[in-house]
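*Asks:* Can you read through this structure? Questions will come right after.
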Ligand SMILES: [Zn+2]
C-alpha cells in the first residue's frame, strides 16, 4: 500500500533557505556518529529527489566537501545551518535535518542509528532500511 504523503516545510535558522518535502505518515530518522554529523547534530531523514523542493535560498547555500568528496554538505552562508544536503549514502536524493523541519502532528518519527563512523560496513543496512519502495 502506498502511504499518503504530507507536505512539510523546513529550512535554516535565519529563514533564507526554505524547502518543502513530501513525507509518509511514518518517518524513519537516523542519528549518525560520523565526524561531521556528531559535530553539527544532524539527524537524517532521507528522501528521494522528487520528494524535495527548494523554495528559497539557492544563492545562500555554501558547499563543503571532504574525504571521498561525494557528499555535498550544504550550509546557509548567513546562519551556518545545514538544513539538508546530498549524502554520500543517497547521492540521488537528499538527507533532511529532522531538527530543521516543521513536522505535522500527523507524522510519527521512529529513531534509528547509523554507524557512519564505520561507513563502508554500515551502508548496506542503511540503504535497505531507506529503500524508496519501502519508505519507513
Ligand atoms: Zn540561514
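*Asks:* Note down the nm distance, to one decimal, between modelled labels 7 Å out along Cα→Cβ at residue 48 and at residue 18.
*Replies:* 2.7 nm
*Asks:* Convert 25 °C to kelvin, take the viscosity as 0.890 mPa s, use the Kirkwood radius over C-alpha pairs of the stretch 36-91 as Rh, and evaluate the Stokes-Einstein diffusion coefficient in µm²/s, rounded to a whole number. Kindly include the intermediate steps, with their values, before the conclusion.
*Replies:* Working: Rh = 12.1 Å.
Roughly 202 µm²/s, to the nearest whole number.
*Asks:* Okay, next question. What percent does the relative contact order of the stretch 6-129 come to when contacts are Cα pairs within less than 8 Å and at least six residues apart?
*Replies:* The normalised contact order for the stretch 6-129 reaches 32 percent.
*Asks:* Using a 10 Å cut-off on Cβ atoms, rank the peptides 50-60, 77-87 from the highest mean neighbour count down. Kindly include the intermediate steps, with their values, before the conclusion.
*Replies:* Details: 50-60: 13.9, 77-87: 18.7.
Final packing ranking: 77-87, 50-60.
*Asks:* Right, next: Given R₀ = 35 Å, what would the calculated FRET efficiency be for residue 4 paired with residue 125, taking r from the Cβ atoms and rounding to 0.05? Write down the numbers at each step before the final one.
*Replies:* Details: r = 28 Å, r/R0 = 0.79.
Efficiency computed from Cβ-Cβ geometry: 0.80.
*Asks:* What is the gain in length, in nm to one decimal, between residue 99 and residue 26 on full extension, counting 0.36 nm per residue of separation less the C-alpha to C-alpha distance? Mind dumping the intermediate values first?
*Replies:* Values: separation 73, 0.36 × 73 = 26.28 nm, distance 1.64 nm.
Here the segment from residue 99 to residue 26 would lengthen by 24.6 nm.
*Asks:* The stretch 1-112: percent of C-alpha pairs farther apart than 24 Å?
*Replies:* On the way: 1190 of 6216 pairs.
Tail of P(r) above 24 Å: 19 percent of Cα pairs.
*Asks:* So, one more: So if we plug the beta-carbon distance of residue 107 and residue 38 into 1/(1 + (r/R0)^6) with R0 = 30 Å, what FRET efficiency do we get, rounded to 0.05? Walk me through the numbers on the way to the answer.
*Replies:* Details: r = 25 Å, r/R0 = 0.85.
That gives a FRET efficiency of 0.75.
Read-outs: derived from the displayed coordinates by stated rules, not from any lab. All values reported here derive from a predicted model rather than from experimental measurement. We place every Cβ from the backbone using ideal geometry, glycine too, and count neighbours over all the protein chains shown.
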